[in-house]
Amino acid sequence: MGQWADGAARIGRFAAALRSTSPRRGGTRRAVPLAWRNMLSDRRRLLRSISGIAFAALLMMLQIGFRNAFIDSALQVLYNIDGDILITSSTKFRFAAKDPFARRQLYAAHAVDGVAWARPIYGEWNLAIWKNPQTRKTYSTQVLAFDPDQPVFLFPEVRDHLEQLRQPDTALSDRKARRSYGFADAGTVTELTRREIRIIGNFALGPDFTADGTVITSDRTFLKFFAPRPLAAGELADIEFGVVKVRPGYAIETVQQALKQALPANIAVRTKAEWLALETDFQNTVSPVGPIFMLGTAIGFIVGMMISYQVLYTDLSDQLPQYATLKAMGYENTYLVRAVLEQASFYALAGFLPGLAVAVGLAHVLADVTLLPLRMSFETVATTFALTLGMCLFAAALAMRRVLAADPADVF
Amino acid sequence: MKTLVAWRIVAHDKGRSGLAIGGVFVAILLMFLQLGFYASVPRGGLLFYDAMRFDLLLASSAYVFEGQSSTIPRRRLFQALAVPQVLRANALYHDRARWLNDDERLARDIFVMGLDLRGVLFDLPEIERRLEALRQPDTILVDTASRPELGALVAGRRIELEQRNVTIAGTYSLGTGFIGLGVALTSDLNFTRIFPKRSLSAVNLGLLVLEPGADPNVVAASLRNIMPADTRVFTRAEINDHEMNHWVTRTSTGLVFGCGLLVAAIVGLVILNQTLSTQITRQLPQFATLKAMGYSDGYLGGVVIILAIIMSTISYVPAAAVAVALYSMVRDATKLPIEMNSARMAGVLAIVWGMSALSALVALRVLRRADPVELF
């Protein structure tokens, strides 16, 4: 919500700046809201024009929103890890790539000044197979595990079930997993990698590019299911992530540097922000989703520009005699230009607002259908508004030539 | 006569008409592109099956899609050979391996397929020619479409795959489809070297080639009779449907391109309608004059419809040509089997004509109201 308040404040300042340069301030000559009246002169056509521009705005908003949602889906699990720094194997290139390292590095991390705690996360992506409790069909799944005495996940349901997770062969499953995973309420008994497992609760994560569903277990259950070989007494299992919480009063970067010093070269120490950037970067370069939605946004922009050009051109053509009259009365071109640009901005705003309303509604529905974290963030909305305004102004600039060329003598 | 009037209107203001035709051109091109994507992108998931020689496919009953196929006992292949029409049964193994790129010091996942070198699995001379090289231990062939993050893909380079020293024996270019960042081929023996936990007795897929003239459906039926419940038998058509269905309904792919298709259709129709109705509105005084001269509404309607059809057809021809060119560009860049076919060309033309006529009819309503007296 914070970003919205911040954004609203920024818009307010922008509007105030606009008002101070607005041609309608002061001077009786500017008292007639010409652009406003021009726009309202034909209500029926106005409705059609606005719906055209609204469509383009909606299109761009959804495309940008989808793009962000796809990338966001890959970040959800990182957002739900309670820590400031993640320690991994240095060759690990993304969250969902099995690349474990020795747990003793975690104890080395403990000793570093400023580390409040360093806790393990275990992960399995290749071997884990989930059986849909209803259809009994099997699908690969992502399994994450932690020590219930050292909680690392922020999912409230996981925090509430620590006690029950200590029971052997229990797990929490993702209630937003793809439909093919079936419904596994608390008490459901199904199979994970051909072994019986009891579901004790659900959390909400949702699928991403690689994982269609997620299961969270305790470290003991996890090792029973996925340890590459039986571990000798006292032997430590390899871990996927070391989650480090920085002690209050210490800067994350300082602790990160100290950890890098303390740990060998085959261990990478990244802050959570760096992990978010790494994962975003991976999705941007590797998956085709970024370019596809960029293309979609560009199409929305071009189409919107064509629509708003048509709208403005038709408006200006119809009102050409009026413009010519104004010119004959001695109004300068700059005044007319300003009126046209103002009208274009009104169109942008008038089209954008219904577009936004529909987009917010659609986002709710589509988020449920696609299981993506689709929401109209401030960034998405602001980008779309800028694009909508840009396309209307650009179209106005193109259509303007007609007004500038209007010769009072020709028109009548 | 009507056609002449309509043509005169198009030719009258060439600049404006050109602009309108340009707009319609964009709309049609958009439809072609999105249709092409929608039809061909899920086929990216069929890239390997399309390139493989087989009439029937044996897979596990837990088969989800090619990248998640589970395994069946190899003896199912020998059981299949008991059916007289089955000529050959070849095993295909695959798994994901960690490929360590020395330069970047990052490990990436790649998809490795292990082939029985005695069978001719791929219908691609480029691969067949190089298969001999895989008889050497710890060698692989790499697809040149693999991501650049894997480093230089040149014959002779030694890399680390699943913590094993492996040599790139050569490259081929088939494409990686949706299977991952890269694809490598190797022999079944090398496959077990790279994945020591995998055994040759658990195969991912069994590829059956039938006697010439045998009906795959009949053979599939008799195979289903003898196979236990752990094995599924697919004909080519069935595996095509299965994979397409997987990509369209079970992943976001169908959603993304379905969305694109819907948008293209709406946008195309809106532009078409807007442009054509503007063209007609612009000529309103002329139409009103004709009306005043005594021409009937029906006559003017005919002119308008012909005008719309002329304009959309002029736009359609270059749009189809550019679409074919764009298809081949996309095909080269992504290796997706995106191709123009006559059904799509005819379909788009029909939509365009239908929409043109519809826009003309909408514009006619304005025309019907056109009163000569008001206009001057």
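The values are calculated or read from the model by the stated rules, or taken from the named source; none is laboratory data. Worth saying up front: this structure is predicted, and the values here are computed from it rather than measured. Glycine also receives a Cβ, built like all others from the backbone with ideal geometry; neighbour counts cover every protein chain displayed.
Where residues in region B:64-117 are part of a helix (DSSP H, G or I) and over 30 Å from residue A:132 (Cβ atoms), which of them is farthest from the other protein chains (Cβ to nearest Cβ)?
B:81
Test of understanding: among A:118, A:96, A:57, which residue is farther than 30 Å from residue A:305 by Cβ and either touching a Ser or Thr at 6+ places or on another chain (Cβ under 7 Å) or aromatic (Phe, Trp, Tyr) (or both)?
A:96
Can you pull out the residues in region A:172-194 that are outside any strand (DSSP E or B) and of a type outside the set (D, E, K, R)?
The answer is A:177, A:180, A:181, A:182, A:183, A:184, A:186, A:187, A:188, A:193.
Any residue at all in region A:80-89 that is of a type outside the set (A, V, I, L, M) and within 14 Å of chain B (Cβ to nearest Cβ)?
Within region A:80-89, one or more residues are of a type outside the set (A, V, I, L, M) and within 14 Å of chain B (Cβ to nearest Cβ).
Among the numbered conditions (1) more than 30 Å from residue B:178 (Cα to Cα); (2) assigned to a loop (DSSP other than H, G, I, E, B); (3) not β-branched (Val, Ile, Thr), tell me where residue A:228 comes up short.
Of (1) more than 30 Å from residue B:178 (Cα to Cα); (2) assigned to a loop (DSSP other than H, G, I, E, B); (3) not β-branched (Val, Ile, Thr), only one is false for residue A:228: (1).
Using the structure shown, decide if residue B:132 is without any contact (Cβ under 8 Å) to a residue 24 or more places away in the chain and closer than 22 Å to residue B:50 by Cβ.
Against the criterion (without any contact (Cβ under 8 Å) to a residue 24 or more places away in the chain and closer than 22 Å to residue B:50 by Cβ), residue B:132 does not qualify.
Which residue pairs have Cβ atoms closer than 9 Å, lie 6 or more positions apart in sequence or on different chains, and pair a first residue in region B:13-40 that is within 12 Å of chain A (Cβ to nearest Cβ) with a second residue that is not in a helix (DSSP H, G or I)?
If the second residue must be not in a helix (DSSP H, G or I), the pairs left are B:37/B:336; B:37/B:338.
Find the residue count for region A:171-180, including only residues that are touching a strand residue (DSSP E or B) at 6+ places or on another chain (Cβ under 6 Å) and crowded, with 21+ Cβ neighbours inside 10 Å.
So the answer is 4.
Restricting attention to region A:102-113, does a residue exist that is among the aromatic types (Phe, Trp, Tyr) and crowded, with 20+ Cβ neighbours inside 10 Å?
Checked against the condition, which is being among the aromatic types (Phe, Trp, Tyr) and crowded, with 20+ Cβ neighbours inside 10 Å, region A:102-113 yields no hits at all.
Out of the residues in region A:282-293 that are within 14 Å of the chain's Cα centre (by Cα) and within 12 Å of another protein chain (Cβ to nearest Cβ), state the one that is modelled with the lowest pLDDT.
A:289
List every residue pair whose Cβ atoms lie under 9 Å apart, where the two residues are 6 or more positions apart in sequence or sit on different chains, the first residue falls within region A:299-320 and is more than 8 Å from every other protein chain (Cβ to nearest Cβ), and the second residue, located anywhere, is of a type outside the set (Gly, Ala, Ser) and outside any helix (DSSP H, G or I).
Partner pairs satisfying both residue conditions: A:315/A:42; A:318/A:42.
With surrounded by fewer than 21 Cβ atoms within 10 Å (Cβ to Cβ), farther than 30 Å from residue B:148 by Cβ and away from chain B (no Cβ under 14 Å) as the only criterion, which of A:272, A:260, A:327 stands out?
A:327
Quickly run through region B:146-174 and pick out the residues that are buried (at least 21 other Cβ atoms within 10 Å of the Cβ) and either at pLDDT below 85 or in a loop (DSSP other than H, G, I, E, B) (or both).
B:146
Which residues, counting only those in region B:259-269, are within 10 Å of chain A (Cβ to nearest Cβ) and touching a residue at least 24 places away in the same chain (Cβ under 8 Å)?
B:260, B:263, B:264, B:267, B:268
Listed residues A:55, A:93, A:70, A:66; which is among the hydrophobic types (A, V, I, L, M, F, W, C), in contact with a Lys or Arg (Cβ under 7 Å, 6 or more places away or on another chain) and either within 12 Å of another protein chain (Cβ to nearest Cβ) or assigned to a loop (DSSP other than H, G, I, E, B) (or both)?
Exactly one residue qualifies, and that residue is A:93.
Counting only residues that are farther than 30 Å from residue A:249 by Cβ and charged (D, E, K, R), which one in region A:105-150 is nearest to the other protein chains (Cβ to nearest Cβ)?
A:137
For the subset of region A:330-373 comprising residues that are charged (D, E, K, R) and surrounded by 15 or more Cβ atoms within 10 Å (Cβ to Cβ), which member is farthest from residue A:36 (Cα to Cα)?
A:338
Tell me, please, whether a residue that is without any contact (Cβ under 8 Å) to a residue 60 or more places away in the chain and β-branched (Val, Ile, Thr) can be found in region B:65-73.
no
Among the residues in region A:244-253, are any crowded, with 20+ Cβ neighbours inside 10 Å and under 16 Å from residue A:121 (Cα atoms)?
yes
What single numbered condition from (1) in a strand (DSSP E or B); (2) out of contact with any Gly (no Cβ under 9 Å at 6 or more places or on another chain); (3) surrounded by 22 or more Cβ atoms within 10 Å (Cβ to Cβ); (4) not polar (S, T, N, Q) fails to hold for residue B:58?
Here residue B:58 meets the rest and fails (2).
For region B:152-175, what are the residues that are touching a residue at least 24 places away in the same chain (Cβ under 8 Å) and either within 28 Å of the chain's Cα centre (by Cα) or more than 14 Å from every other protein chain (Cβ to nearest Cβ) (or both)?
B:164, B:165, B:166, B:167, B:168, B:169, B:170, B:171, B:172, B:173, B:174, B:175
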